[in-house]
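A quick write-up on the structure given underneath.
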Amino acid sequence: MTTWRAVVALVVARIVTLVSQVLGHGGSSLPGVVARRLYPGILGVLARGLSGGALLVTGTNGKTTSALLVEHILAHDGRSVVRNRSGANLVAGLTATLMAVSSWRLKVRADWAVLETDEASVPRAVDEVRPRLVAVTNFFRDQLDRYGELTTTVHLVGRGIEALPVDATVVLNADDPYAAVLGREAGRRVVYFGLALPADRSDGIEESLDARFCPVCGSELQYTRRFYAHLGHWRCSGCGFSRPRPHVEAVAVAGGSTAARTVSFRRGERVLEADMALPGTYNLYNAALAVAVGDALGVGEAAMRRGLGESRGAFGRMESVMWRGRELRLALVKNPTGFNQVLGAVAEDPRAKVVMVAVNDRYADGRDVSWLWDVDFETLCPRVNAVRWVAAGIRAHDMAVRLKYAGVPSAQIRVAGPTPEEALAALVETGDPPLCYVLPTYTAMMELRGAFERQGLVASFVEG
């Protein structure tokens with residue numbers, strides 16, 4: 001029976017949402033924060049009302065896009081789905097997401113929830129949501145001032161997996177040793193995904209190997225193929241721990257760089273071909289994860305093909321915005337590996353363009369911006385075909401210095417003011433091409449999207 005405290009928490013959270021919208025604030029997690037203060041168990045109450053169940057998608061890079069692809073696949077299979085579209089992925093954001101589509105009797109108006117979940121929040125989210133499935137994209141060093149070393153992040157996700165219901169499913173990236181190791185002691189059904197493309201796709205990019213050593217015995221890992229960073233086909237030189245055989249593998253890619261490409265996924269003896277408009281090798285992993293989740297939940301091939309085919313950029317992940325006659329493509333950057341992959345995807349588009357990098361150093365971005373020096377700008381900048389670079393955000397000058405040391409001519413670098421309006425103004429110069437790529441850190445992205453929302457160019461993403 002629904003308790004009066006839970007209903008009161010929902011009512012107050014709805015009022016907070018309305019006030020936030022009237023004042024023009026985002027506050028995608030704020031309703032959840034308020035509701036949890038009034039009734040800490042409200043997330044569990046809401047999750048138990050999902051007739052299908054909840055799915056958690058976690059990992060360092062690719063959570064938002066992977067969750068989007070899973071949502072589309074399930075929707076095309078005729079299932080009603082709710083997802084935290086704005087990327088509010090702490091437990092307060094998960095709570096706000098479910099409250100936003102619940103009745104006054106705390107009945108969620110959806111059968112399934114696909115919840116992008118912060119890695120450090122996985123243990124609590126599992127405890128409260130009791131998900132039917134947890135999918136892990138990958139692990140990279142990210143926000144060391146918050147997470148600490150990589151092994152800490154892996155341990156947190158592992159704790160959540162250990163606490164899953166016994167009938168839950170775990171979907172893991174076979175090409176990431178630190179993700180794959182979680183399957184050894186999962187004690188649950190484990191489904192692996194990966195890539196089996198014919199050649200090394202690292203393309204000369206200098207990247208640190210965050211998983212240089214075996215997570216089981218500490219010996220050095222050996223690679224026969226490496227797609228980027230430490231993702232590839234690997235084996236431990238000491239204990240023999242090796243890449244598990246994936247249940248789903250992307251085995252072939254055909255098509256151009258600016259148009260949709262056709263990706264072939266091997267699923268046992270079957271092959272699924274699907275068109276995808278999302279660029280980059282990293283999105284092949286996101287799509288393989290979505291297909292693996294679809295297989296685990298019994299989704300038909302037609303639904304998976306349509307779900308992958310209709311997907312475009314998620315919230316701030318190659319999201320396209322038309323602004324003053326220019327096409328702006330927003331792509332979040334937050335760590336060296338992800339930044340390299342985004343720049344590689346930008347380089348796949350051969351058209352001339354302006355590229356803006358907006359770097360903030362707030363808590364959600366990571367206070368330490370020294371990670372910018374681990375991005376391989378030296379290799380990637382010449383491939384991007386940028387006629388001009390704009391450095392923006394709180395740490396605009398740091399970014400401009402990094403570009404200068406990467407060999408970008410000073411005449412091609414412009415430093416914008418710290419506000420989103422000043423940053424956008426710097427994108428407009430006579431004679432510039434109409435294509436702009438905007439690469440912001442998290443809070444810079446939210447500020448830019450806020451400016452677009454105020455102009456009615458994008459939808460608001462207030463959860464709750």
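Quick notes on this structure:
- Ordered by the number of other Cβ atoms lying within 10 Å of each residue's own Cβ, fewest first, Leu46, Leu94, Leu435 fall into the sequence Leu435, Leu46, Leu94.
- Computed over the chain, Cα set: Rg, Dmax in Å: 21.6, 67
- Positive end of the dipole of the chain (Cβ unit charges, origin at the Cα centre): among Val390, Thr152, Leu115, the Cα lying farthest that way belongs to Leu115.
- Estimated distance in nm for a label pair at Leu38 and Ala260, the labels positioned 7 Å out from Cα along Cα-to-Cβ: 4.5
- Loop-located GluC sites (Glu not before Pro) in region 210-305 (DSSP state not H, G, I, E or B) with no more than 12 neighbouring Cβ atoms inside 10 Å: Glu269.
- Under a model in which nothing but the beta-carbon of Lys, Arg (+1) and Asp, Glu (-1) is charged, region 317-449 shows a dipole of about 140 debye around its Cα centre.
- Loop GluC sites (Glu not before Pro), region 360-434, which have at most 13 other Cβ atoms in a 10 Å radius of their Cβ (DSSP): Glu429
- Loop-located trypsin sites (Lys or Arg not before Pro) in region 56-130 whose Cβ has at most 16 other Cβ within 10 Å (DSSP): Arg105, Lys107, Arg109
- Length gained when the stretch Glu273-Val401 is fully extended (0.36 nm per residue, less Cα-Cα span): 41.7 nm
- Each of Thr95, Thr17 was scored by other Cβ atoms within 10 Å of its Cβ. Arranged with the fewest first, they read Thr17, Thr95.
- Cβ crowding within 10 Å ranks Phe377, Phe139, Phe452 as Phe452, Phe377, Phe139, fewest other Cβ atoms first.
- Distance histogram in 5 Å bins (all Cα pairs of region 317-449, percent per bin): 2, 11, 24, 28, 23, 11, 2, 0
- For the chain, hydrophobic long helices are taken as DSSP H runs at least 15 Å long by C-alpha position along their axis with mean Kyte-Doolittle hydropathy of 1.6 or more; these are 4-22.
- Per the chain, cysteines lacking a partner by the 4.7 Å Cβ criterion: Cys381, Cys436
- For region 107-139 and region 220-281, distance of Cα centres in Å: 25
- Separation of the Asp368 and Ser80 label points, Cα + 7 Å toward Cβ, nm: 4.7
- Proximal lysines to Lys334, defined as alpha-carbon separation beneath 22 angstrom and excluding residues fewer than eight positions away on the same chain: Lys63, Lys353, Lys404
- Taken along the Cα-to-beta-carbon direction at a fixed 7 Å, the label points for Cys217 and Glu162 span 2.3 nm.
Each reported figure results from applying straightforward, stated rules to the coordinates on display, with no laboratory input. Since the model is a prediction, treat every value here as computed from it, not as a measurement. We place every Cβ from the backbone using ideal geometry, glycine too, and count neighbours over all the protein chains shown.
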